[in-house]
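Each remark here refers to the structure printed beneath this line.
FYI, it's all coordinate maths here, none of it is from the lab. In this text, all values refer to a predicted model and were calculated from it rather than measured experimentally. Positions of Cβ are generated from backbone atoms using ideal geometry, with glycine treated the same way; all protein chains shown enter the neighbour counts.
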Amino acid sequence: MKRLALLIIALLSITPAALADALPAHFIITGSGYGHGVGLSQIGAKGMALEGKSASDILNYYFTGTTVAPVQDDMDIRVNIGHQLTYLSLKADKSSTMGIQLHQGDITGAITQIPLTATLKFAMVGKVISVSIVAPKQAPVILPASTLWSFTWDGNLTVNKLVLKYGSVALRATPVTKSTPKIELTTTMKLHNQYIYGVSEVSSSWPSASLQAQAIASRTYALSRIGKLRKDCDCNVYNTIYDQNYVGASKEMEATYGALWKSAVDSTTADSSHGLAVLYNGQPINTFFSASTGGVTANSADVWGTAYPYLVSVPDPYSLDLVLNPSYSHWQRVINQSDMANAFGLTDIVNLRIDTRSPTNSALTLVGTSSAGVSATLPVGTFKSKLKIPSSWFELASVGY
């Protein structure tokens, strides 16, 4: 009995060290594709264009059962270019001859002409936005505060690091839940072409048919969002990949290739008030797009839980082409132990497995198990976001000790 007791004590004394030695130092994940994989594969559009397919061919392929036709698109769209700001400073660009016309309220409000040499400074003070006009060798001019300011300009204007060419800009004091309001900075312009000129989702050096397909898809996306003004951003769309990437006039001003993008956009307009859009049963669809896939696009129901008849899986071999997609046809990520454990909210991870997969073989849920035997499950969207995994098409290649 004494010997047995000593043996048990010895085993207990080495168990923690043994468990520590058994912990993987890192996890190796290999996969293909970049993005959610629903709808238009942008690499796929490039590949089809290189094969001589038209923009309509591309869009009809990736959006099943759709048509491409002109619709009215001459309405204004409001784009958020600055979310929950407390301060903003700007001045007229050298291209300006008239400077900035500042309006208290919306653009129908009283006008203050801002000198070309002056800087406009907006600041959130309590529940209102204060404005000061600062010109060289002059005392600052402070205007009565307001909850809404708007301005127009001529030429180009840099606002919150974006070069703007069209429309107007507004700053609105907007409540953030129950806390002090913040500034929502928005720019308003015509959806028809002014907005699409500034959408930067693919390289402007790509074949014209792929650029046209992207312009049509981006216009359709905007049309599907135009009917609702979001209170949290005072906008129809954000200027980020939360909606689609909007970079202002720098897209069409890009050396050499900017003119190609602008030309592609213009070729997708029917007249001054109508542009081509992707339609299902005669109505603009929810056009989703991502850079590339794991060789097949995803069903919307598998990614977001909502099924759309035009967002179903189709083969996408272009995404696996090393020449077309050098960075993401095949990729590898090495995740260290602490980051993996933090992602699952566990003390450590000794076992990691893909628990469920979609019909297209993308991961849906993952299970991590700690050395204490505690398991946690993560949906793949959370897993990708926390660990910066490019897509849901991946394998758990190995672990390292």
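Points to keep in mind about this one:
- Within the stretch 81-168, all pairs of alpha-carbon atoms sorted by distance into 10 Å bins from zero give the percentages 17, 53, 29, 1.
- Rounded, prolate or oblate (a/c below 1.5 giving rounded, otherwise prolate when a/b exceeds b/c) for the stretch 223-294 by Cα gyration tensor: rounded
- Cα-based reach from LYS91 at 18 Å (exclusive), listing aspartates and glutamates while leaving out same-chain residues under 8 positions away: ASP154
- For a modelled paramagnetic label at HIS274, 7 Å from Cα along Cα-to-Cβ, the residues of the stretch 192-210 in reach, with backbone nitrogen under 18 Å, are 192-193.
- Label point distance in nm, MET75-ARG333, each placed 7 Å from Cα along Cα→Cβ: 3.7
- Sites VAL125 and ASP232 - FRET efficiency at Förster radius 25 Å, r taken between beta-carbons, to 0.05: 0.70
- Derived scalar couplings between HN and Hα for the stretch 228-237 equal 10, 9, 6, 5, 5, 10, 6, 8, 8, 9 Hz in order, rounded to whole Hz, by the Karplus curve 6.51 cos²θ - 1.76 cosθ + 1.60 (θ = phi - 60°), x for Gly and Pro.
- Cα convex hull of the stretch 244-401, projected area averaged across orientations, nm²: 13.1
- Note on the stretch 170-232: Cα Rg divided by 2.2 N^0.38 Å, N the number of residues, gives 1.48.
- Mean residue ellipticity at 222 nm, helices only, the chain: -6500 deg cm²/dmol; runs of at least 4 DSSP H residues each add -39,500 (n - 2.57), and the sum is divided by the number of residues.
- Proximal lysines to LYS94, defined as alpha-carbon separation beneath 29 angstrom and excluding residues fewer than eight positions away on the same chain: LYS121, LYS137, LYS161, LYS165, LYS190, LYS251, LYS262
- Chain lengthening between ASP154 and ALA397 when straightened (0.36 nm per residue, less Cα-Cα): 81.9 nm
- Applying the criteria of a DSSP loop state and at most 11 other Cβ atoms within 10 Å to the trypsin sites (Lys or Arg not before Pro) of the stretch 112-168 yields LYS127, LYS137, LYS161.
- Rg ratio for the chain: its Cα radius of gyration over 2.2 N^0.38 Å, N being its residue count, equals 1.24.
- Debye-sum result for the stretch 272-318 in log10 I(q)/I(0), which assumes one identical scatterer on each alpha carbon, at q = 0.17, 0.19, 0.31 Å⁻¹: -0.60, -0.72, -1.21
- Percentage, to the nearest whole number, of Cα pairs in the stretch 295-342 over 18 Å apart: 56
- For LEU387 and VAL176, the FRET efficiency from 1/(1 + (r/R0)^6), where r spans their Cβ atoms and R0 equals 30 Å, is about 0.55.
- Averaged over residues, the count of other Cβ atoms within 10 Å places the peptides 337-347, 73-83 in the sequence 73-83, 337-347, highest first.
- Label-point separation in nm, HIS26 to THR108, each point 7 Å along Cα→Cβ: 6.2
- Evaluated at q = 0.14, 0.16, 0.20 Å⁻¹, a Debye calculation over the C-alpha positions of the stretch 31-183 (equal weights, vacuum) places log10 I(q)/I(0) at -0.80, -0.89, -1.19.
- Set of aspartates and glutamates with alpha-carbon distance to LYS182 below 14 Å, sequence-local pairs under 8 removed: ASP232, ASP234
- What you get for the chain, charging only the Cβ of Lys and Arg (+1) and of Asp and Glu (-1), is a dipole of about 1180 debye around the Cα centre.
- Applying the criteria of a DSSP loop state and at most 12 other Cβ atoms within 10 Å to the trypsin sites (Lys or Arg not before Pro) of the stretch 301-401 yields LYS388.
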